[in-house]
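The values are calculated or read from the model by the stated rules, or taken from the named source; none is laboratory data. Keep in mind the model is a prediction, meaning the values are calculated, not measured. Glycine gets a Cβ as well: all are built from the backbone with ideal geometry, and neighbour counts include every protein chain shown. Only protein heavy atoms, including side chains, enter the accessible area calculation; ligands, DNA and RNA are left aside. Shrake-Rupley method; radii C 1.70, N 1.55, O 1.52, S 1.80 Å.
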Amino acid sequence: MAASLSTALDVHFTIPKTDTKRPIFFTSPIRHNPTKKRLAISCNSSTSETSSSTKPPQNISESPSPKNPSLSDQLKPLSATTLSTKDHQAQLLSRPKSTWVNPTRPKRSVLSLQRQKKSLYSYNPQIRELKLFAKKLSGSGEDEFESVLETIPYPPTRENALLILNSLRPWQKTRLFFNWIKTRNVFPMETIFYNVTMKSLRYGLQFDIIEELANEMVSDEIQLDNITYSTIITCAKKCSRFDKAVEWFERMYKTGLMPDEVTYSAILDVYAKLGKVEEVLSLYERGVASGWKPDPITFSVLAKMFGEAGDYDGIRYVLQEMKSLDVQPNLVVYNTLLEAMGKAGKPGLARSLFEEMVDSGLTPNEKTLTALAKIYGKARWAKDAMDLWERMKSNSWPMDFILYNTLLNMCADLGLVEEAEMLFNDMKISEKCRPDSWTFTAMLNIYGSGGNADKSMELFEEMSKLGIGLNIMGCTCLVQCLGKARRIDDLVRVFNVAIDGGVKLDDRFCGCLLSVASLCDESEDFTKVLACLKQANPKLVAFVKLIEGEETSFETLKEEFRAVVRDAAVETRRPFCNCLIDICRKRDLHGRAHELLYLGTLYGLYPDLHHKTVKEWSLDVRSLSVGAALTALEEWMGTLTKFVQRDEELPELFSAHTGSGTHKFSQGLANSFDSHVKKLAAPFRQSEERAGHFVATREDLVTWVQSRIPSSVIA
């Protein structure tokens with residue numbers, strides 16, 4: 001057996017003393033004070049033919065500098081012996097993770113991780129005089145512009161022209177001076193001149209001119225750099241020209257330029273506004289994978305996008321991404337997230353997020369508090385809403401018109417009259433937030449919902465003294481309140497003031513007048529209300545006259561009703577039909593009421609009126625007025641009577657859904673429905689398990705029908 005020979009290899013290398021933590025293979029050689037160290041590497045070989053350790057290897061002697069061989073030359077015999085042995089390879093090397101890379105399409109970064117630096121121009125000793133000239137040029141009129149240019153203190157060299165161009169403020173003057181420079185043709189135009197001009201045009205939202213300059217650069221073969229594309233894209237975004245922003249972003253990518261953080265955030269916002277959620281997420285993930293750390297503005301864009309769609313999972317994704325990337329949200333991000341939580345219908349999470357924001361040391365502003373007040377009002381969280389108001393006062397958090405009016409509207413939704421009056425009085429003594437037209441409208445809504453006509457008229461008189469005009473919403477609330485109180489003369493007065501004040505009457509207001517007409521007991525009051533309605537909608541009054549005529553045929557009624565519904569706003573068509581049915585019942589025209597209910601069902605105004613399952617038939621009257629609901633009940637009972645007479649198969653249970661009326665001021669249909677059921681002696685009773693439901697069993701209904709039919713008919 002051949003004896004094992006030991007080969008010793010001396011490796012000399014230099015370790016600089018200044019940085020011992022850097023990898024030795026990537027350390028630049030430092031010539032001063034090197035420290036020589038010797039490393040002995042022993043390699044055992046089982047081959048008997050291996051040269052003696054005293055004889056230097058052949059490949060080392062062949063190096064250009066045998067006395068001071070390079071590190072790669074010294075490691076060659078090591079790789080030729082030890083690393084080439086399969087047994088040693090199995091011991092020394094672990095199996096790496098398999099990562100596939102397409103060699104034909106190498107991965108590149110999707111954005112530049114550094115904001116493009118602006119080109120610098122050399123220092124100009126005449127800077128003070130040139131800036132004064134630029135100020136004079138900015139203040140000149142268009143007719144004086146040429147004459148002022150002739151007084152330029154120094155020749156328009158490249159540096160002088162660039163300084164003046166950058167100092168001009170109105171975009172019109174910047175454009176005029178830029179064109180003047182081009183006509184002088186003293187020096188070749190460069191990218192920086194176009195960038196400065198585009199920046200000024202962006203402040204003026206002049207995208208068309210910017211795009212014209214960009215196309216001019218392309219035709220003149222002037223290079224568009226990162227700043228040029230960024231200015232074009234951000235200006236298109238500000239001008240809501242989202243299609244153009246996407247177009248120039250794609251052109252930028254085709255040129256090989258990488259967008260910086262500002263451009264990247266802008267194009268993410270553009271895609272979000274276009275509703276392209278997949279594109280936004282794709283761009284975001286590609287940017288993060290390239291090493292980009294998104295800023296709070298980017299997360300604000302993502303949160304707003306998911307909030308507009310009411311996507312709670314998307315909002316959670318934004319929160320998780322911020323936490324994983326250790327990005328601390330600022331006030332703008334919190335405000336956006338709160339608005340998104342409100343649109344997603346998550347008041348509890350919005351409250352938790354608000355507390356997290358306060359605990360982090362941030363002070364909420366008016367927008368924060370407005371968003372939270374809207375969420376509490378929509379969720380009908382009265383206690384949390386008033387706790388928020390107390391914290392606003394105790395912490396002296398900022399208040400503005402929008403926040404005050406939002407709180408008042410929230411009080412109207414929750415029926416908080418005393419709290420609303422307290423807010424209203426605070427606004428009166430406030431120096432910054434005095435009540436305006438919308439403030440009075442919110443108070444009119446509160447008093448009108450509670451049927452407090454006296455308070456409503458006091459507000460109306462106060463508005464007249466302060467010179468605050470009625471808007472259409474305030475006028476509608478006041479007319480509705482006075483109509484319910486049967487104060488028709490005051491109603492006519494308010495109507496005339498609104499007409500004289502130039503209030504544009506809409507279909508909602510016409511529906512309000514029609515509703516008041518259905519409440520009138522006296523013919524004189526009915527006539528007064530119709531006289532007001534005639535000024536707003538003559539066709540509607542003509543139809544009311546038509547349904548009162550006994551000679552009107554059903555076909556004529558059908559054609560005229562279709563014309564009225566066609567001309568009305570979509571959201572007012574069903575209220576119109578409800579009020580017309582109420583008028584018919586008030587005037588004892590029950591046959592017309594049933595015909596109008598049939599026409600309303602025929603034209604799709606009551607799509608969810610009837611529901612049938614194997615075990616239960618139900619009537620849903622929650623979207624109907626009292627008169628329309630009672631008419632629907634009579635129609636339904638007549639149909640059920642026919643089924644019983646024909647001995648058809650019936651379900652086990654019958655129910656009518658009137659709604660529970662959760663609002664403090666909600667009268668609901670339950671009381672009127674219950675009275676009418678008792679009048680008919682129908683077997684329906686209020687359900688204890690389901691609020692707002694009247695139920696009857698099949699046996700009770702059959703017994704009731706048979707009791708109302710003569711025995712001869714049954715036989």
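Residues in the range 206-247 that are among the charged types (D, E, K, R) and either out of contact with any helix residue (DSSP H, G or I) (no Cβ under 9 Å at 6 or more places or on another chain) or not in a helix (DSSP H, G or I) (or both): Asp208, Glu212, Asp220, Glu221, Asp225, Arg241.
The number of residues in the range 244-275 being closer than 19 Å to Glu308 by Cβ and open to solvent by 70 Å² or more (accessible area, probe 1.4 Å) comes to 2. Considering each residue of the range 643-669, count those that are within 17 Å of Ala691 (Cα to Cα) and modelled with pLDDT of 75 or more, and give that number. Here the count works out to 7. Take the conditions (1) buried (at least 18 other Cβ atoms within 10 Å of the Cβ); (2) under 26 Å from Gly310 (Cβ atoms); (3) in contact (Cβ under 8 Å) with a residue 24 or more places away in the chain; Ser456 misses just one of them, which is (2). All told, Gly483 meets the bar of being touching a residue at least 40 places away in the same chain (Cβ under 8 Å) and either of a type in the set (Gly, Ala, Ser) or assigned to a loop (DSSP other than H, G, I, E, B) (or both). Candidates Ala134, Ala161: the one that is at pLDDT 80 or above, more than 30 Å from Glu279 (Cβ to Cβ), aliphatic (A, V, I, L, M) and out of contact with any Leu (no Cβ under 9 Å at 6 or more places or on another chain) is Ala161. Out of Phe509, Phe543, Phe554, one residue alone is surrounded by 14 or more Cβ atoms within 10 Å (Cβ to Cβ) and either farther than 23 Å from Gly474 by Cβ or not aromatic (Phe, Trp, Tyr) (or both). It is Phe543. Meeting the requirement of 1 or more residues that are among the charged types (D, E, K, R), out of contact with any strand residue (DSSP E or B) (no Cβ under 8 Å at 6 or more places or on another chain) and surrounded by fewer than 18 Cβ atoms within 10 Å (Cβ to Cβ), the helices (runs of 4 or more DSSP H) wholly within the range 564-652 are 570-586, 626-645.
Of all residue pairs spaced 6 or more apart or on separate chains, those with beta-carbon atoms under 7 Å, a first member in the range 175-196 that is open to solvent by less than 60 Å² (accessible area, probe 1.4 Å) and a second member that is charged (D, E, K, R) and not in a loop (DSSP other than H, G, I, E, B) are Phe187/Arg158; Met189/Lys182.
Residues in the range 685-707 that are under 48 Å from the mean Cα position of the chain (by Cα) and small (Gly, Ala, Ser) were compared, and the one that is most open to solvent (accessible area, probe 1.4 Å) is Ala691. For the range 485-507, filtering for residues that are in contact with a Gly (Cβ under 9 Å, 6 or more places away or on another chain) and over 17 Å from Glu458 (Cα atoms) leaves 3.
Exactly one residue among Glu421, Glu431, Glu355 is outside any helix (DSSP H, G or I) and either under 30 Å from Gly448 (Cβ atoms) or modelled with pLDDT of 85 or more (or both), and that residue is Glu431.
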